Amino acid sequence: KCKASHKGFVVYDKTLNTHSIQRLNLMSELRSAIETSQLSLYYQPKLDLETNQIVSVECLVRWIHPEHGFIGPDDFIPLAEQTGAIRDLTKWAIQTALSQHKSWTEQGNFFRVAINISALDLIDLSLPAYVAQQLSELSLDTTAITLEVTESAIMSEPDQAIRALDILKRMGIKLSIDDFGTGYSSMAQLKIMPVSELKIDKSFVLDLATNEDDATIVKSIADLAHNLDMTIVAEGVEDKDSLEKLKEYNVEQAQGYFIAKPMPADDFNEWYSNSNY
Ligand code: C2E
Ligand code: CA
Ligand code: CA
Ligand code: CA
């Protein structure tokens, strides 16, 4: 990478350059990371605000790199999307999450697993069949899984995305629009979107208890969703006052550090058995 200086010279920026090299290395390592199990899923519970029960668990990927250590998804999901490795990563996540769901079920706990998918997964024509095959291999039905797609992923190619979501919906898969409120979908698009759940972006939820504008936005999104027969999940719930506000607005589910952080499966199980849920 280089920058043009005001005199017309080209100045190489060492920082940027180092960054690009690191990115390149990570890109080529990501595929083998999937095969050599350097990736792992962390699990974060979603609380049903009416029953006060954990009803679902979001699955969030982490990369434990042999040299660089812990790498968060915001640092490698964009790379995986650029290289196309996201397709294999998503399939790995679906398989891993469903077998975790199965083992929870065998312990007597029904936690629907929510998996994040990217725009590229939506145009991957093999995805619906892959989900169906994994469910049938584990003798599970579609109530085991939710797929979360960000509003901006849908809006990058809305017509194509809606067609792909339609196929998944007709299979009986529950679909959720993630980061809702940040992706500029129109009312007309929202009306025809084949999804049953909206996840309000955490930027509107983090300061819900103290910021009047955020409270207005969250209440409006909740009313809108309910009028369209959709349910609402609020992410980024960090305090009790926010949780109470969400109950007031009839928001169905809450997720956030106030309830629990994303955790490896063993920690999740320990947290759950010590919790009041
Ligand atoms: P997301 O799907 O919106 O996930 C929510 C993010 O908010 C997670 O970050 C989670 O750890 C964080 N979070 C949860 N509760 C709180 C809270 O109370 N306060 C705050 N400040 N943050 C909270 P994480 O795990 O770093 O994931 C970041 C993003 O990476 C995810 O955003 C998702 O878009 C993407 N991602 C993660 N795993 C996958 C995956 O398997 N596939 C794909 N395609 N994307 C993934
Ligand atoms: Ca998500
Ligand atoms: Ca989100
Ligand atoms: Ca996000």
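Quick one: divide the alpha-carbon radius of gyration of region 37-96 by 2.2 N^0.38 Å and tell me what you get.
1.35
Can you quote the Å³ per residue value for the convex hull of the Cα atoms in region 50-178, rounded to an integer?
So the per-residue hull volume is 134 Å³.
Run the numbers on region 85-210 and let me know its relative contact order in percent, using alpha-carbon pairs under 8 Å that are six or more apart.
22 percent
From the residues L198, I173, S185, which one has its Cα farthest along the dipole of region 165-204 in the positive direction, the dipole being from +1 and -1 charges on Cβ of Lys/Arg and Asp/Glu about the Cα centre?
With unit charges placed on the Cβ atoms, the residue in question is I173.
If you keep only loop residues by DSSP, which chymotrypsin sites (Phe, Trp or Tyr not before Pro) in region 165-219 have at most 13 other Cβ atoms within 10 Å of their Cβ?
Here the sparse-neighbourhood loop sites are Y184.
If you stretched the chain out fully between K191 and S220, how much longer would it get, using 0.36 nm times the residue separation minus the C-alpha to C-alpha distance?
In short, 8.9 nm is gained.
Would you please put 66-77, 106-117 in order of how densely packed they are, using the mean number of other Cβ atoms within 10 angstrom per residue and starting with the highest?
With the highest mean Cβ count within 10 Å placed first, the list reads 106-117, 66-77.
Using Cα centres only, tell me the gap between region 34-67 and region 106-175 in whole Å.
16 Å
P(r) for the chain, please, calculated from all Cα pair distances in 10 Å bins and given in %.
Here the calculated profile for the chain is 6, 27, 33, 23, 9, 2, 0.
To the nearest 10 degrees, how steeply does helix 86-106 sit against the main Cα axis of the chain, on a 0 to 90 scale?
In the chain, helix 86-106 runs at an angle near 30 degrees to the longest axis.
Less than 15 Å from a label point 7 Å out along the Cα-to-Cβ axis of L138: which backbone N atoms in region 58-91 qualify, by residue?
Label zone hits: 58-61, 90-91.
Region 196-249: Rg/Rh from Cα coordinates, Kirkwood Rh?
0.94
If you take every DSSP beta bridge whose two residues both sit in the chain, what share of them, in percent to the nearest 5, is antiparallel?
45 percent
Specify the angular offset, from 0 to 90 degrees and rounded to the nearest 10, of the alpha carbon long axis of helix 14-35 from the longest principal axis of the alpha carbons in the chain.
The angle comes out near 50 degrees.
Read the figures in this text as sums done on the coordinates, not as results from a lab. Not measured: the values here are computed from a predicted model. Ideal geometry is used to build each Cβ from the backbone, glycine not excepted, and the neighbour counts take in all protein chains shown.
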